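Undergrad: Dropping a structure here in structure tokens format, bear with me for questions.
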Amino acid sequence: MSSPPKDKWDKLDIILKPVGGILTAVAVASFGYLTSDYLGKKQNSESRIQLYTQLMSQREQSDSALRKDVFTTVIQNFLSPANRSMDERVLSLELLVYNFHESLNLKPLFLHVVKQISASKDTEKPEQLKRLERVAREVSRRQLMVLEGVGQGYDRTVDLAALSKERGGLDLEPATLTVDGIQRTFKMHVLEVDTQTRELKIRMEIQTPNDPKDAKKTQVAEFWIGFFDFPMIDNTRLLHDQRVSIVLNSFDEYSADLTITCFPGSYASLKEKPYFQEVVNQLLNSELNGKQ
């Protein structure tokens, strides 16, 4: 088979060389445009993130400064030697609770103000006590809504008439909750009731049946629970960086309504810091899960 004449190849080469050059230029230009567009979008996104972070940081600093001023002013009102009315003290406590209920254990201050109100001769004493109870129940309700959104909970009613007849206390129906794949069984035993302070003494037993290491172990906690115990603050630490809290929803002469909730430890109050080993275990587990 005869090969094409040499001059034909020369003509073809003359035609293809400019085309190749044009295609190369187009490819380089397209690559440059796409790279420039990508870098521009990335830079714009990083600038927006940096601006958002800066604004959030400034907002947090302003909020912290304001909260610090509020805290200092309110505490000074409590510590001031001047005679202040019960209404002013109740108002100061309300300000503290609404602004710092996630970071401070205010139960001692609640009990102190209740004691002052009970000993006073103020004609508004019943209403002042109701205000304290109302704000405490409202804060507990808010915290409980957050915790039940990330954990699990259940409700129980304590029959106070039946409790008074039982010398050894009253057992509540147990429940099993699963949070972050960890299953636990909770058993509650109501030991005593204080009708004056409207508090219950409870013994709580927690088991983790699906963990071989903890199957034969029962964690036991015993405590008093009242309206001034907030779930993010007053809770029991469990294994695997989890918490369990009991909230007193209502209390009358016949019964008391409770909510028991189990939730991740990261949603506990700011004062509840995780142990160092728990943090290390979480990081190692996350790394292993990521590799899988």
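No value in this document is a laboratory result; all are computed from the given coordinates. Since the model is a prediction, treat every value here as computed from it, not as a measurement. Positions of Cβ are backbone-derived with ideal geometry, glycine not excepted, and every protein chain shown enters the neighbour counts.
Undergrad: At R0 = 22 Å, how high is the FRET efficiency between THR157 and SER85 if r is their beta carbon distance? Nearest 0.05 is fine. List each step's numbers first, then the result.
TA: Numbers: r = 38 Å, r/R0 = 1.74.
The formula returns an efficiency of 0.05 here.
Undergrad: Could you list, in their original order, any pairs among LYS130/LYS165; LYS125/LYS201; LYS107/LYS201; LYS107/LYS165; LYS68/LYS130; LYS115/LYS201 whose Cα atoms are separated by more than 23 Å?
TA: Numbers: LYS130/LYS165 29 Å; LYS125/LYS201 27 Å; LYS107/LYS201 16 Å; LYS107/LYS165 30 Å; LYS68/LYS130 28 Å; LYS115/LYS201 20 Å.
Check vs 23 Å cut-off fails for LYS130/LYS165; LYS125/LYS201; LYS107/LYS165; LYS68/LYS130.
Undergrad: Along segment 141-151, what does the Karplus equation 6.51 cos²θ - 1.76 cosθ + 1.60 (θ = phi - 60°) give for ³J(HN,Hα), rounded to whole Hz, x for Gly and Pro?
TA: Values, residue by residue: 5, 4, 5, 5, 4, 5, 5, 6, x, 10, x Hz.
Undergrad: Can you work out the Karplus-derived ³J(HN,Hα) for every residue in segment 109-115? Use 6.51 cos²θ - 1.76 cosθ + 1.60 with θ = phi - 60°, whole Hz, and x for glycine or proline.
TA: Going residue by residue, I get 5, 4, 5, 5, 5, 4, 5 Hz, with x marking Gly and Pro.
Undergrad: Same structure, new question: What shape does segment 152-268 take by its C-alpha gyration tensor, where a ≥ b ≥ c are the square roots of the eigenvalues and a/c under 1.5 counts as rounded, a/b above b/c as prolate, and the rest as oblate? Don't skip to the answer; put the middle values down first.
TA: Numbers: a/c = 2.29, a/b = 1.61, b/c = 1.43.
Here segment 152-268 falls in the prolate category.
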